[in-house]
Amino acid sequence: MRRALSILVLLLIAEAPSVVRGAGSEDVSRAGAVGQQAPAASVSLPSVDQVLDRYVQAIGGKDALDKVTTRVMKGSIELPATGDAGSIVPGTIEIYMKAPNKRMLTVNIPGSGTDRRGYNGKAGWYVDPDEGPKDLSGADLDALKGEAEFYRETKLKELHPKMAVEGRTRVGSGEAYVVSATLADGNSEKFYFDAQSGLLVRDDLPVEIPDEGKTTQQSIFEDYKDVDGVKLPFTIRRLRPDGDSIIKLSEIKNNVLVDDNKFEKPPK
């Protein structure tokens, strides 16, 4: 159980922008997703502002995004089997969000346990399977706090002041602009925006994995559908050295009633 839950937490807390990150239902394999980056001098590159502005328009525009104040997402998650837990797929996932910065996540893997964690706008928490509710801190808290930013898609440049367009590369069957964002620790996160649609098709995030060291988590976003005027990905694939995962959302609802108590740390 411990290994299964550890994999689960690592797969879920280190994410890119949390709502809109895909480009249609493009089939992106591990090999196809890596691609070869084209030299910057060989193509005419847009500015960071142009790429990000087009991205916002592609997902519905700022006005449509601002009309949404809550979101509930439900679906399934498939994780790799482990030697000590056997097959741990599939499980269920539920995500509750409320503007401006509240989020609660619950993932249940039959036979392996439940991971539940939330951010109420000021503090983060998780439920330890053995010891009950605990406060989050450090990298886990920073990751969850970033995920709780409801309007993150329109605030990427504010959240990442040091961004640059590095070049153009293939992602799956299409071309994408590569935008590098310098993180607080000096590492770089890379966003891949589809050159045709303007949507974000891939994210490469530096992570540190126990027993693996520093590596990169690659996220692929697919199967976009319109939900109340906002395009949302219904499939999220994550590729990591310690195991891949697939989140398949079956239901996304905007502007539903979500009580603030949903985001508070449960009593012991």
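The values are calculated or read from the model by the stated rules, or taken from the named source; none is laboratory data. These numbers were taken from a predicted model, which means no experiment stands behind them. For neighbour counting, all protein chains shown are included, and Cβ atoms are generated from backbone atoms with ideal geometry for every residue, glycine included. Heads up: the accessible areas ignore ligands, DNA and RNA and are worked out on the full protein's heavy atoms, side chains in. Shrake-Rupley method; radii C 1.70, N 1.55, O 1.52, S 1.80 Å.
Working with all protein chains in place, sort T114, T70 by solvent-accessible area computed with a 1.4 Å probe, largest first.
Numbers: T114 60, T70 10 Å².
These residues rank, largest area first, as T114, T70.
Please work out whether the range 114-215 counts as rounded, prolate or oblate from its C-alpha gyration tensor, where a ≥ b ≥ c are the square roots of the eigenvalues and a/c under 1.5 means rounded, while otherwise a/b larger than b/c means prolate and anything else oblate?
Numbers: a/c = 2.19, a/b = 1.90, b/c = 1.15.
Here the range 114-215 falls in the prolate category.
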With the contact rule set at Cα under 8 Å and sequence spacing of 6 or more, what percent relative contact order holds for the range 116-268? 15 percent
Cα-projected label distance for E251 with D49, points at 7 Å along beta-carbon direction, nm: 4.3 nm
